[in-house]
1. Can you check what the Kirkwood hydrodynamic radius comes to for the stretch 319-411, Cα pairs only, in Å to one decimal?
2. Leaving out same-chain residues fewer than 8 places away, which lysines sit with a Cα under 24 Å from that of LYS133?
3. Could you check the spin-label model distance between ARG164 and GLU268? Points 7 Å from the Cα along Cα→Cβ, value in nm.
4. Restricting to the stretch 59-353, what percent of DSSP beta bridges are antiparallel, rounded to 5?
5. Using 0.36 nm per residue, how much length does the chain from GLU300 to GLN93 gain when fully extended, once their Cα-Cα distance is taken away?
6. When the Cα centres of the stretch 100-156 and the stretch 44-82 are compared, how far apart do they sit, in Å?
7. For the stretch 1-121, what is the per residue volume of the convex hull drawn over the alpha-carbon atoms, in cubic angstrom?
8. Output the 0 to 90 degree angle, nearest 10, between the alpha-carbon long axis of helix 156-165 and the longest principal axis computed from the alpha carbons of the chain.
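Just so it is clear, none of the values below were taken in a lab; they were calculated from the coordinates. What you see is a predicted model, and the numbers here were worked out from it, not measured in a lab. Ideal geometry is used to build each Cβ from the backbone, glycine not excepted, and the neighbour counts take in all protein chains shown.
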Amino acid sequence: MAQRATFRARWVVPVATPPIENGFVAVGDDGRVSALGSWDRLSRRDAIDFGECTLLPGFVNAHTHLELTCYAGQIPPGSLWTWIRRLVELRAQPGRIDREREAVRLGAELSLRSGVTTVGDISRTHLAWPVLKASPLRKVCFAELLCFAGEPPRTLEELDETVRRTQTDERLAVGLSPHAPYSVTPEQLRGCVERAGRGQLPLTMHVAETPEERRLIEDGGGMLYYVFWWQGFLKKCPPPRRPLFEYLADAGLFGIPALLAHVNYVEERELDRLARSPCSVAYCPRAHRFHRHEPHRFREMLQRGINVCIGTDSLAGTESLSVLDELRFLHREHADLDPGLLLEMGTLRGAKALQLDSCIGSIAAGKRADLVAVPLDAHGPHNPAANLLESNAPPVAVAVDGVWLDVPGAEG
């Protein structure tokens, strides 16, 4: 295999292995990492030198809705249900399809600019994938099933047709997203789980996002019952009236490597059940704050061995699509957490959650050369992971498959 190029930086942070000071990453002509280690000026004169930078794997945004980028700044912080009501009003305005397609394009550009090279994107009517197919981003495009929606997919048959029409390639995979336990029927949830297992498709679902949804599911009461009754939703999706995690377990969800989004309101015994499963949890720190949720239990999840990764949710409820911004926010809020663990949550753990960890998420021989270069802060700590999280420096270069991209807003 011919060598495409070698890149040198003050620090190479592979994530899965210790940082390498004065390190290099060599990339073959197939876009995969061919070697990495300590740089030797004599034996590797041809290296492209990033100087006083940290070179690390591209960030993975495991949970996002890029089509909502066009609603940035239009909804004030507050409860999720107030937010949803306003979002529905905004989306009902004329020109939604063209507006949201452009939002996907802009969201992909903003993601790359921030050092994100892979996204797990959910699109309500699956309009995002043709736009994302043209982007160098690596992506899992989740087709969302919502049984009482005004547009498809609303049934398993419509979901099957949506998936069938999706044109996948080496950078675009398709996944399934039964929206939430309260918005798909038990038959639909079991059908999605069976399809994911049979076709080895990634599956993601919003779970335990609010106390109101838990009450609707478990005892059929609360504010959501009256809202859903008024809208006529309960005829299509009556509440199971069962403990949430028992309901999900009976559907088979804990038997596959599903990605559960948010999991904001969870009990002790449910954490134990999650820990025994192959499931991952996508935590969206700044969206969590935006919606004024109670403190998230991600630290307890990590202690139990649950694979917790990072998502941004959408620009309609957070300041940026940058996973690095999310990690810096977490570092400020949880200064005692190992910076290396935080970086892992924004890279390798996200790759695992999207079932892509065999090819991305860390810098290792044979993996795709999805890379990001971030300047070191001269006044920061010697630890490169801590330096990265304690500075405000944006990426200066982003590569997918070893090709450095011309990303507006990034230097290089």
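1. Values: mean 1/r = 0.0706 Å⁻¹.
Across the stretch 319-411, the inverse of the average 1/r is 14.2 Å.
2. Here the lysines satisfying the reach criterion relative to LYS133 are LYS352, LYS367.
3. Going from the ARG164 label point to the GLU268 one covers 5.0 nm.
4. Working: 1 of 31 bridges.
About 5 percent, rounded to the nearest 5.
5. Values: separation 207, 0.36 × 207 = 74.52 nm, distance 4.20 nm.
Taking 0.36 nm per residue and subtracting the Cα distance, the gain is 70.3 nm.
6. Spelled out, the Cα-based centre of one part sits 15 Å from the other.
7. Details: hull volume 18.3 nm³, N = 121.
Taking the convex hull of the Cα positions in the stretch 1-121, it is 151 Å³ per residue.
8. 30 degrees
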